[in-house]
Amino acid sequence: MLLLENIILAINSLLSNKMRALLTMLGIIIGIGSVIAIITVGDSLTLSVSENMQSMGANNVYVMLNSRKDAEEESSRIDGAKFGKLPSDSMYINDSDYITEDMIKEMIEKFPDDIYAINAQYWAGRGTANLGNNSASITLYGNSVGYFVTNKLEMLGGKMFSETDYSEQKNVAIVSDKLVNKLFDGNVNNALGKDVEISIDGKMQSFTIIGVYENQGMAMMGMDMSGGDNATTDLYVPLKTAMNFTHETSGYTNFQIITKVGTDAELLAKKVETFFEPYYANNRTYEIQAVTMGSMVSMLTDMLSTITLAISIVAGIALIVGGIGVMNIMLVSITERTREIGTRKALGAKNSSIRTQFIVEAMIICLIGGAIGVMLGVGGGILASKLLGYPAKPSISGIITSLVFSMSIGVFFGYYPANKAAKMNPIDALRYE
């Protein structure tokens, strides 16, 4: 009953000074609102990234060269780039370090019941596709059969590569609709079967167009990043054809294993690492690492969660500032109500009752401010997530934690003023002017 009376007293005190109470809550509102909004956006981003990565092949295994911890830099510089490696990267590697075709074939023979296909991609460079006086900017990629299993192309005409195209290493290409717009006035049927000349770093080769795909571009923050018809788009050729174009014979730095249905990807990843150990036992620079999309998603979500937490802690500083504001206004309130405190103590109120009264009042201020902050934070977080193009995901645990923390702020910063009021001498308090 005493607690209920204290709550009623606290609410009546706040209602008698509405503007002062609102200004006192402002720091709490801003702090809680900021933290909730950041957590909401962070969780929404994490969820979106996780779902996108899972859709790319949650049960696939990614095999790559990985530098040993004690490795020294090699003296020979890589010439070109491999699957998963950006053209601007620099990496020192010897020809003997590459994953070879024979290694991959032996691996497939070793695990025939687990491997459905191999996805390998070779970056041959950036250049132009030329037809008469017209040209289009392209990036030339060589792809294995498995690439198109995990990377679905929306075909507008023509066909995908055949087994013959791969085995005979034919000069055939699948191009984007953007290239067709530049070289063939957008006529897909007119482009099929035509030859275009590819020029990259002084190397020139003629390729026959056998397919046209729809260029999706890049979606970023809800905006179209396709770049229009002048964009540099990907031109796909058979894997060995692209390697022949740049006279690359070394091998691969990484590739992707597309697993069969029912395969335990984590277990297969460990088996693959064990399989490659003999090949790299004497390699002092590199070793083979095999990871699954599940482990990659876990690492990425952990990183995003850490970033969200760090930013939330910074935003939470406003809560400390709000708590100091609560302490300040409680000290002012106690000074104004000195005679009231003296009267209560003269009538027999215990120190604990006085202390509880003002702690409850501080908690009520922080709780109301926290509730308003939660509503603003959730609303702001959902709005920001929608604007960024991510599905909104308010954090229930974050909301509960914020409210509990807000009440804790009230207890912590309200204790000193409350204790000061409880220790007042009733005679001095009654004589206070």
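The values are calculated or read from the model by the stated rules, or taken from the named source; none is laboratory data. This one's a predicted model, so the numbers in the text were calculated from it and none came from an experiment. All Cβ positions, even for glycine, are placed from backbone atoms using ideal geometry, and neighbour counts span all protein chains on display. What goes into the accessible areas is simple: the full protein's heavy atoms, side chains included, and nothing from ligands, DNA or RNA. Shrake-Rupley method; radii C 1.70, N 1.55, O 1.52, S 1.80 Å.
If you go through segment 405-431 and keep only what is exposed (fewer than 13 other Cβ atoms within 10 Å of the Cβ) and more than 17 Å from residue 352 (Cα to Cα), you end up with 427, 428, 431.
How many residues does segment 105-132 contain that are over 30 Å from residue 292 (Cβ atoms) and either aliphatic (A, V, I, L, M) or at pLDDT below 90 (or both)?
Step one: filter segment 105-132 for residues over 30 Å from residue 292 (Cβ atoms), giving 125-132.
Subset that is either aliphatic (A, V, I, L, M) or at pLDDT below 90 (or both): 129, 131-132.
Within segment 105-132, residues that are over 30 Å from residue 292 (Cβ atoms) and either aliphatic (A, V, I, L, M) or at pLDDT below 90 (or both) number 3.
Can you give me the number of residues within segment 282-295 that are at pLDDT below 90 and open to solvent by 60 Å² or more (accessible area, probe 1.4 Å)? The total comes to 2. Of the residues making up segment 243-276, those that are open to solvent by 10 Å² or more (accessible area, probe 1.4 Å) and assigned to a helix (DSSP H, G or I) are 244, 245, 266, 267, 270, 271, 273, 274, 275.
The number of residues in segment 376-404 that are in contact (Cβ under 8 Å) with a residue 12 or more places away in the chain, on the phi < 0 side of the Ramachandran plot and either surrounded by fewer than 20 Cβ atoms within 10 Å (Cβ to Cβ) or not in a helix (DSSP H, G or I) (or both) comes to 13. Evaluate the following for residue 320: is it surrounded by 21 or more Cβ atoms within 10 Å (Cβ to Cβ) and under 41 Å from the mean Cα position of the chain (by Cα)? So residue 320 does not fit the description; no. Go through the residues of segment 177-195 one by one and say whether even a single one is farther than 23 Å from residue 115 by Cβ, open to solvent by 60 Å² or more (accessible area, probe 1.4 Å) and in a strand (DSSP E or B). Scanning segment 177-195, I find at least one residue that is farther than 23 Å from residue 115 by Cβ, open to solvent by 60 Å² or more (accessible area, probe 1.4 Å) and in a strand (DSSP E or B), so the answer is yes. Of all residues in segment 342-363, those that are closer than 20 Å to residue 405 by Cβ have Cβ atoms under 7 Å from Cβ atoms of residues that are modelled with pLDDT of 80 or more and open to solvent by 30 Å² or more (accessible area, probe 1.4 Å), 6 or more apart or on another chain, in 359/411; 359/415; 363/407; 363/411.
Across segment 300-313, not a single residue is classified as touching a residue at least 24 places away in the same chain (Cβ under 8 Å), open to solvent by less than 10 Å² (accessible area, probe 1.4 Å) and not small (Gly, Ala, Ser). Counting only residues that are among the hydrophobic types (A, V, I, L, M, F, W, C) and open to solvent by 80 Å² or more (accessible area, probe 1.4 Å), which one in segment 196-231 is modelled with the lowest pLDDT? So, considering only residues that are among the hydrophobic types (A, V, I, L, M, F, W, C) and open to solvent by 80 Å² or more (accessible area, probe 1.4 Å), the one modelled with the lowest pLDDT is 221.
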